[in-house]
Amino acid sequence: MDDGSESRIDKLYRVIEQSRFGIHDLSRTELDPQSGLPRFNMPLELGIFLGAKRFGDDVQRRKRALILDTEQYRYQRFMSDLAGADPQPHGGDPRAMVGRVRDWLLTVSRRATIPSPARLLASFDRFDAGLHAIAVDAGLDPGRVAYPDFERLVFAWLKEERAQGVL
């Protein structure tokens, strides 16, 4: 539940504490167009996640992380203390990133099946193309879908995709 009295960093701590898996894309450190300064939220979140894993209790020590970047070892130029990690390259291509995340989740979650990247992307493309109509059918303003409503629409879409054997 969102709590307006909770600071952003405390929300971040809570989410990381409750998460078994962490996906951290270090390429998301681009310069802010107004200030000209880099945004280091992703490296900060990775650091907190790694700290929880290192210093936490047994549950926290079971955390698993996927580190992504545009190039495999680019991070060494700006985060040399992370040496020894194996970031997965995605070349700045969100569709390639889907494959990297899917393959990693298949490995660490030990789920029997996760649809192929091609199936996941095809399903996403259908959802994205139909989102306006899906929102209207749900009685929502397509231009202002609140996150909980969006999440509900995604889950309903996935359930239907599975029922039809598409996903």
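The values are calculated or read from the model by the stated rules, or taken from the named source; none is laboratory data. Here the structure is a predicted model, which is why all the values come from computation and not from measurement. We place every Cβ from the backbone using ideal geometry, glycine too, and count neighbours over all the protein chains shown.
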Applying the selection to the stretch 65-115, what residues are closer than 28 Å to Asp125 by Cβ and among the aromatic types (Phe, Trp, Tyr)? Trp104
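When you scan the stretch 133-147, how many residues do you find that are assigned to a helix (DSSP H, G or I) and either among the β-branched types (Val, Ile, Thr) or surrounded by 10 or more Cβ atoms within 10 Å (Cβ to Cβ) (or both)?
Of the stretch 133-147, the ones assigned to a helix (DSSP H, G or I) are 133-137, 147.
So of that shortlist, the ones also either among the β-branched types (Val, Ile, Thr) or surrounded by 10 or more Cβ atoms within 10 Å (Cβ to Cβ) (or both) come out as 133-137.
Qualifying residue count for the region: 5.
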Give the number of residues within the stretch 78-112 that are more than 17 Å from Leu26 (Cα to Cα) and aliphatic (A, V, I, L, M). 4
Please enumerate the residues belonging to the stretch 39-60 that are within 17 Å of the chain's Cα centre (by Cα) and not in a loop (DSSP other than H, G, I, E, B). Asn41, Met42, Pro43, Leu44, Glu45, Leu46, Gly47, Ile48, Phe49, Leu50
Count of the stretch 63-81 residues which are over 20 Å from Arg100 (Cα atoms) and either touching a residue at least 12 places away in the same chain (Cβ under 8 Å) or not assigned by TED's automatic domain parsing to the domain that holds Leu26 (or both): 2
For the stretch 26-38, indicate whether the set of residues that are at pLDDT 95 or above and either part of a helix (DSSP H, G or I) or more than 16 Å from the chain's Cα centre (by Cα) (or both) is non-empty. no
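Would you mention how many residues in the stretch 66-89 are in a loop (DSSP other than H, G, I, E, B) and under 19 Å from Phe40 (Cα atoms)?
Step one: filter the stretch 66-89 for residues in a loop (DSSP other than H, G, I, E, B), giving 70-73, 78-79, 83-87.
Pick out the ones that are also under 19 Å from Phe40 (Cα atoms) and you get 70-73, 78-79, 83, 85, 87.
Of the residues in that region, 9 qualify.
Tell me, please, whether a residue that is part of a helix (DSSP H, G or I), touching a Gly at 6+ places or on another chain (Cβ under 6 Å) and under 21 Å from His24 (Cβ atoms) can be found in the stretch 113-131.
Start the filter on the stretch 113-131 by keeping residues that are part of a helix (DSSP H, G or I), which leaves 117-131.
Remaining after also requiring touching a Gly at 6+ places or on another chain (Cβ under 6 Å): 117.
With the extra rule that they be under 21 Å from His24 (Cβ atoms), the set shrinks to 117.
Yes: one or more hits.
Assess whether Gly56 counts as being modelled with pLDDT of 95 or more and in contact with a Phe, Trp or Tyr (Cβ under 8 Å, 6 or more places away or on another chain).
Values: modelled with pLDDT of 95 or more: yes; in contact with a Phe, Trp or Tyr (Cβ under 8 Å, 6 or more places away or on another chain): no.
Taking the combined requirement at face value, the residue does not satisfy it.
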Between residues in the stretch 87-114 that are within 16 Å of Gln72 (Cβ to Cβ) and residues that are among the charged types (D, E, K, R), which pairs lie under 7 Å by C-beta distance while being six or more apart or on different chains? Pro87/Asp69; Gln88/Arg100; Pro89/Asp69; Pro89/Glu71; His90/Arg100
Selection from the stretch 108-130 of residues within 30 Å of Ile67 (Cβ to Cβ) and of a type in the set (A, V, I, L, M) yields Val108, Ala112, Ile114, Ala118, Leu120, Leu121, Ala122
